[in-house]
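The values are calculated or read from the model by the stated rules, or taken from the named source; none is laboratory data. Since the model is a prediction, treat every value here as computed from it, not as a measurement. Cβ placement follows ideal geometry from the backbone for every residue including glycine, while neighbour counts extend to all protein chains displayed. Side chains included, ligands, DNA and RNA excluded: accessible areas come from the protein's heavy atoms. Shrake-Rupley method; radii C 1.70, N 1.55, O 1.52, S 1.80 Å.
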Amino acid sequence: MSSLTITPVAGRIGAVISGARLGGDLPADVVAEIRLALLTHKAIFFRGQDHLDEEQQVAFAGLLGEPTTAHPTVPSLDGNTHILDLDYSGGQKVDRWHTDVTFVDRPPLASVLRAVQVPEAGGDTLWANTVAAYEHLPAELRDLLDRLRAVHTNQFDYAKVAFSDDPERARQYAEVFASTVFETEHPVVRVHPETGERAILLGDFAKRLVGLPSEASAALIRLVQEQVTQVENTVRWRWAPGDVAVWDNRATQHRVVHDFGDRPRRLHRVTVAGDVPVGVDGRPSTVLTGDATAYSPVAA
Ligand SMILES: O=C(O)CCC(=O)C(=O)O
Ligand SMILES: [Fe+2]
């Protein structure tokens, strides 16, 4: 008999799991159930995990795979090399749909995000199911996307987007975020290594489609992104402190809803190491620029 209750949230993505107290010591059968729910629902949510500190968050992530260093270029939280401190108090505004860290050849398998402080209203997060998005495309478009590859990079106007109101902060952040430039060519449609499902791999780090003129490339990326982020493919989470969201980074995109002005909002993220995506034709992603081997599991 399972101790967990799994309740879907939206029609195509998301489920709330109750009955689990997250940490590094969950029994194997509970971990297996959580993993299965993650593969099925793509984004899973746990309420009331107020006991979870940084160390236990990393330990929980470690049950899903190997925690990575916090980020290829952005420094980790002091005292824990695995924790990316997402603190929006500096006016940071990363409100673009993306899949995490797709500019390297092994984007994370999953991300585990814990709400530390959230505004009373606003600051929700949205996820889109990139498998459902693919499946709802017309067959002709799926056939085209199956054959395309895209270049993803961390060097673009990300910092300007993140700090659009503060050019000096934007300059400083750009220095850190693109301190090492990464460029990777990924298939636009990847075959999920566990479910075999086809998922669209694009998002805000995707800069151009290989072999297409720049205007056609930009137009097609925009078209596909519009399809991926159609509201029917999404779920929206209203955070409370102590909530934990886990998403399958191989089958989703996400973004924050930046409607909370200067109100404090802070979350801690741990990513779990992923593998090299493989296209429908069996071709893996290839590194064009930058060696991301340092962004890999480190001894805890
Ligand atoms: O702040 C959020 O809601 C999402 C931030 C994000 O993109 C992430 O945690 O990877
Ligand atoms: Fe993200």
Check your understanding: Residue check, VAL58 against (1) of a type outside the set (Phe, Trp, Tyr); (2) assigned to a loop (DSSP other than H, G, I, E, B); (3) more than 15 Å from ligand 2 (Cβ to nearest atom); (4) open to solvent by less than 30 Å² (accessible area, probe 1.4 Å), all met but one. Which one?
Key -> (2)
Practice item. Among the candidates ALA216, ALA199, single out the residue that is modelled with pLDDT of 95 or more, among the small types (Gly, Ala, Ser) and buried (at least 22 other Cβ atoms within 10 Å of the Cβ). Key: ALA199
Point to revise | the stretch 262-275 - residue that is open to solvent by 50 Å² or more (accessible area, probe 1.4 Å) and assigned to a loop (DSSP other than H, G, I, E, B) and, of those, modelled with the lowest pLDDT | key: ASP262
Check your understanding: How many residues does the stretch 81-114 contain that are open to solvent by 30 Å² or more (accessible area, probe 1.4 Å), within 27 Å of ASP262 (Cα to Cα) and out of contact with any Phe, Trp or Tyr (no Cβ under 9 Å at 6 or more places or on another chain)?
Key -> 6
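One line per residue, one yes/no per condition, for (1) of a type outside the set (Lys, Arg); (2) within 10 Å of ligand 1 (Cβ to nearest atom); (3) in contact with an Asp or Glu (Cβ under 7 Å, 6 or more places away or on another chain):
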{"site": "ALA240", "(1), (2), (3)": "yes, no, no"}
{"site": "TRP247", "(1), (2), (3)": "yes, yes, no"}
{"site": "HIS254", "(1), (2), (3)": "yes, yes, no"}
{"site": "VAL257", "(1), (2), (3)": "yes, yes, yes"}
{"site": "HIS268", "(1), (2), (3)": "yes, yes, yes"}
{"site": "THR271", "(1), (2), (3)": "yes, yes, yes"}
{"site": "ASP275", "(1), (2), (3)": "yes, no, no"}
{"site": "VAL278", "(1), (2), (3)": "yes, no, no"}
{"site": "ASP281", "(1), (2), (3)": "yes, no, no"}
**Study point:** Scope the stretch 115-129; condition more than 9 Å from ligand 1 (Cβ to nearest atom), surrounded by fewer than 24 Cβ atoms within 10 Å (Cβ to Cβ) and in a strand (DSSP E or B); matching residues
**Key:** VAL116, GLN117
Point to revise | Tabulated pairs, the stretch 119-131, first in contact (Cβ under 8 Å) with a residue 60 or more places away in the chain, second surrounded by fewer than 16 Cβ atoms within 10 Å (Cβ to Cβ), C-beta under 6 angstrom, 6+ apart or interchain | key: PRO119/ARG263; GLY122/ASP259; ASP124/ARG236; ASP124/ARG238; ASP124/VAL257; LEU126/ARG236
